[in-house]
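Just below is one structure, and these are the notes that go with it.
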Amino acid sequence: MRLKISMVMLMTVLAISTPLTGCAGTSAQAETTQYANIDTELTQRDTDGSYDRSSSKIITLGSHISAEGAEVKDGTVTISDEGCYVINGKSSGTQIIVNAPEKKVQIVLEGVTIENESIAPVNITEADKVFITLAKGSSNILSTGSDTGEEDGVIFSRADLTINGEGALEIKTGYKHGIVSKDDLVIADGSISITAPDTGMEGKDCVKIGGGTIDITAGEDGIKSDSTEENRGYVYIKEGNINIVSGNDGIQCENVLLADGGSINIKTGEGSASENAKKNNAQAMPGMGFRGHNGTPPEGLDGSAVPKSFDGSASTVPPEGFGRGSMKNGRPDMPNGGLGRRPEGNMTPQTNEALSEITTENAGEAPSESTSEEQSDSKKALKSEKDIIIKGGTFTLDTEDDSVHSNGNISISGGNIEINSGDDAVHAEKNVEISSGNIAVKSSYEGIEGGSITVYDGSISVISSDDGINASSDTEAPESIAINIKGGNITVDAGGDGIDSNGSLNVEGGTVYVSGTEQSGNSAIDSEREAVVTGGTVIAAGSAGMAQGFAESSKQCSILHSFDSVINGGEEIALRDENGSIIAKFTPSKAYQSVVVTSPELKQGRTYTLSAGTQSAELTLDSVVTSNVAGRFGGGQGRNRMPRGEMPAENTAI
């Protein structure tokens, strides 16, 4: 495989590793991998599906052929020399073998049907590069039945392989994979349909897609590149229409997954609405270790029927298994999942008794066999062991597991992404950076999660059953954990914390609207260290029990206000100046009682009216932070808010 320095990738590296021009403040610099040498080029010959039939060698299946560079023996067509070979006809038990060391070979499928039981219809044993061209207007079918042995793809290649042309190719197999290349796999054009019990298409060194239409139904992964060698094992999508229904991951690679364009539709497992996804969400009530969205939590965890050990009458110490010592982000610490996540795969919901046995000593252990199923396979849409970079394209993702998942970093600088996820919509073990694009998370457990999250621009909407945007890490340095909002338009509808940083929260610009939880164990904004605002507009509404506002070290004025009673969802929040002009407004989707508001138009010493539904309050900003919620603002060490682990008194569900 040739390695070239790609200007596309170099520009991507520079974009991630340095702050964007014109952005205020410093970027939370991502720790990117070294992938500048991966080759994203589609050559002129890759994309050129033309051929001169008059000078080509014609092979009609089922007939005797005598063409220089090709021979037929016992139903096997062997191509041993470079050149263009046009193949047509129908046959069973036929195999096309390419054994042309250091030669470039073009095979034109001009209406071919090969139906084999136990041998791969196309077997490329040795060549410099092979081009399979789908003749314009042609329909081609390649199929296998049972075990085809070592050549475990319908098209199997040990050399670089390109598929181009304007024809159609249908691949069906009952054994393992559709298309396999042990080197590069390039799809430049054509209409390709694959049905396979394992992987749809695999390029060990890389998969590059420059156009065409690809429809894959796979029992395991849709598209895969799994080389662990340096600068290999990557997937690059330039253009094309890609539709994948996969039992496991949609597109996965060991190195970088880069998308410049295209239309990508992926459904994994049984989708976000599957019973497994429901079990995942039932496993942790937002903020308390029980997944659930609009469901019925265990008694005492909705704030309406508080257990005695939670109400302060007997003890303010939560039962074993709850609190920061044994839980992270409302979920038990689990091995291999990272970020306080459950292990990879799906598990049965845990009972109240089972969770009560999780202590600070055994929190890192997986549940016993009596309370969990065996871990199942990964069912993510876009998955990379290193980085995922989305610069353009349209994505529609419906996943049983995470939708966009990287064990490194995620960078989104363009495109339109619509997500329904049975787990996290966007998850990076390290950093997430969003500088442009439209991201619409229609359903998820957590919306966007990473070690640090930086938003420069873009339109982001998130619906989540737990935290909407969450910065958390078990591996990154605590001081690097942060949510940095420098611009963009963000809307969050969360069942847990709306915006939750296990480090710091910094708002420098943009607009942020949060409809937070109705449960008192979470808040609309939540920061372990200081929550600082220096610019931008934020309206965050939620329950009053754990409400948190911005710190007094902020340079922009803010308000944290708790109303006398709960306001129904659908009732507008409005902040007006002394002249009655609206400075900011937002209509939360769920009931709320506390409101955080900040805007560049707020000035110290002036009086404003904050209204919500039929309630209103006249507030004079005597300091940077104005609050009627004593001791519940600022974040940071010893932050002034209700200590974690303590529950509000009875009848304070919100």
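Read the figures in this text as sums done on the coordinates, not as results from a lab. Computed from a prediction, not measured in an experiment: that's the story for all the values here. Methodologically, a virtual Cβ is constructed for each residue, glycine included, from the backbone with ideal geometry; neighbour enumeration extends over all protein chains shown.
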- Query: Which pairs in the list LYS204/LYS442; LYS379/LYS585; LYS383/LYS555; LYS103/LYS391; LYS90/LYS129 are over 28 Å apart, alpha-carbon to alpha-carbon?
  - Reply: LYS204/LYS442; LYS379/LYS585; LYS383/LYS555; LYS103/LYS391
- Tell me, what is the percent relative contact order of the stretch 103-208, built from C-alpha pairs under 8 Å that lie six or more residues apart? 24
- Roughly speaking, what is the stretch gain from LYS136 to SER263, that is 0.36 nm per residue apart minus the C-alpha to C-alpha distance, in nm to one decimal? 43.5 nm
- Task: In debye, nearest 20, what is the charge dipole magnitude of the stretch 367-488 about its Cα centre with +1 on Lys and Arg Cβ and -1 on Asp and Glu Cβ, if you could check?
- Result: 720
- Message: Let me spell out the model: positive unit charges on the Cβ of Lys and Arg, negative unit charges on the Cβ of Asp and Glu, origin at the Cα centre of the stretch 389-441. What dipole size does that give, in debye rounded to 20?
- Response: 360
- Query: So what is the relative contact order for the stretch 83-129, in percent, with contacts set as C-alpha pairs under 8 Å and at least six apart?
  - Reply: 51
- Task: Given a cut-off of 25 Å, name the pairs among LYS136/LYS172; LYS182/LYS430; LYS57/LYS172; LYS73/LYS176 whose C-alpha atoms lie farther apart than that in the structure shown.
- Result: LYS182/LYS430; LYS57/LYS172; LYS73/LYS176
- Task: Calculate, for LYS555 and LYS585, the FRET efficiency according to 1/(1 + (r/R0)^6) with r their C-beta to C-beta distance and R0 25 Å; round to the nearest 0.05.
- Result: 0.60
- Calculate the dipole size of the stretch 142-192 relative to its Cα centre from +1 charges on Lys and Arg beta carbons and -1 charges on Asp and Glu beta carbons; express the result in debye to the nearest 20. 140
- Message: If I take every Cα pair under 8 Å that is 6 or more residues apart in the stretch 516-629, average their sequence separation and divide by the length, what percent do I get for the relative contact order?
- Response: 30
- Give the cross-link partners of LYS238 among the aspartates and glutamates, using a straight C-alpha distance below 18 Å as the criterion and excluding same-chain residues fewer than 8 apart. ASP39, GLU41, ASP46, ASP48, GLU166, ASP184, ASP189, GLU202, ASP205, ASP215, ASP260, ASP387
- Message: Could you sort the peptides 131-139, 255-263, 515-523 by per-residue average Cβ neighbour count (10 Å cutoff), highest mean leading?
- Response: 515-523, 255-263, 131-139
- Note on the structure: In vacuo Debye sum over C-alpha of the stretch 53-212, base-10 log of normalised intensity I(q)/I(0) at q = 0.11, 0.13 Å⁻¹, listed in q order, is -0.36, -0.51
- Task: Set the Förster distance to 35 Å, then compute FRET efficiency between GLU71 and THR228 from the Cβ-Cβ distance, nearest 0.05.
- Result: 0.35
- Note on the structure: Of all GluC sites (Glu not before Pro) in the stretch 212-255, the ones in DSSP coil with at most 15 other Cβ atoms within 10 Å are GLU229, GLU230
